[in-house]
Amino acid sequence: MGSLRINWHKTGWFIDGNAGIRLLGQTSPIADSELAWSANGGLGYFFNKKIAIKGRLDYNQFNAAYNGKLDRSGQAAASLEAMVRLLELISPNYYRKFELNVHAGAGLTALLNPSLRDQVEANGGEYKGKLFNADNMGHIIVGITPQYHINSRMSINLDISQFTQFKQNNTYDSHNGVKSKDVTGFISASAGLTIRF
């Protein structure tokens with residue numbers, strides 16, 4: 001509780017960066033998906049004290065264990081999101097050190113699997129995808145980001161985001177060649193900093 005001496009509700013540009021873990025993710029029946037790391041960064045612009053637009057890049061690691069082997073794949077995602085300061089909507093005239101942001105958007109995802117690529121190339125094939133030689137899909141992202149404001153320019157973040165994906169071709173242990181369901185998803189939980197300009 002309490003108020004800040006400096007009004008932190010700065011409009012204009014901001015950047016953020018977070019690192020944490022990735023949860024869930026569809027694997028084939030013969031493999032288990034283990035926890036792995038996750039990272040994201042974004043560049044955004046606040047039009048006013050309540051609403052912003054943000055471009056976000058994510059990378060999520062997927063480790064699938066089967067038959068004593070570890071199949072590693074990585075997923076890169078680019079999203080465009082709208083973000084709202086929820087507490088500022090509820091109580092706009094109170095300057096607090098804590099904020100609760102909600103964000104939602106959509107984008108494109110590329111799933112890369114070195115194990116599958118090596119197997120295809122070892123058998124004389126050529127590993128190709130439509131974009132970045134990867135399993136490409138669309139996604140929707142929805143999340144919530146509690147923030148603690150250190151000062152008027154810097155905040156500590158805790159972000160929890162849900163990715164819902166469409167048209168994923170293979171499960172994350174794609175070395176097995178098992179096809180995935182049409183709609184898949186996972187959750188990322190990360191912590192980091194936001195800097196306002």
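Each reported figure results from applying straightforward, stated rules to the coordinates on display, with no laboratory input. Please read these numbers as outputs of a predicted model, since none were measured by experiment. Here Cβ is always computed from backbone atoms with ideal geometry, including for glycine, and neighbour counts include all displayed protein chains.
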Between the modelled labels at residue 156 and residue 32 (7 Å from Cα along Cα→Cβ) the distance in nm is 3.3
Have a look at 17, 177, 185 and tell me which one the Gaussian network model of the chain (Cα, springs below 10 Å) gives the largest fluctuation. 177
For the stretch 37-96, what's the relative contact order in percent, using C-alpha pairs closer than 8 Å and at least 6 residues apart? 32
Relative contact order computed over the chain (Cα-Cα under 8 Å; 6+ residues apart), in percent: 25
Here the stretch 97-104 yields Karplus 3J(HN,Hα) values (6.51, -1.76, 1.60; θ = phi - 60°; whole Hz; Gly and Pro given as x) of 7, 10, 9, 10, 9, 10, 9, 7
In the stretch 12-196, how does Rg compare with the Kirkwood Rh, expressed as the Rg/Rh ratio over alpha carbon atoms? 1.05
Mind checking the stretch 55-162 for chymotrypsin sites (Phe, Trp or Tyr not before Pro) that DSSP puts in a loop (not H, G, I, E or B) and that have at most 12 other Cβ atoms within 10 Å? 94, 132
Highest-MSF residue in the chain out of 35, 89, 70 [GNM, Cα springs under 10 Å]: 89
Shape call for the stretch 117-197, from the Cα gyration tensor axes a ≥ b ≥ c (a/c under 1.5 means rounded, otherwise prolate when a/b beats b/c, else oblate), comes out prolate
What 222 nm value per residue comes from the helices of the chain, counting each DSSP H run with n ≥ 4 as -39,500 (n - 2.57) and dividing by all residues, nearest 500 deg cm²/dmol? -2000 deg cm²/dmol
Within the stretch 142-190, trypsin sites (Lys or Arg not before Pro) in DSSP loop having at most 16 other beta-carbon neighbours inside 10 Å: 153, 167, 181
Only Lys, Arg (+1) and Asp, Glu (-1) charged, at Cβ; the chain dipole about Cα centre in debye: 900
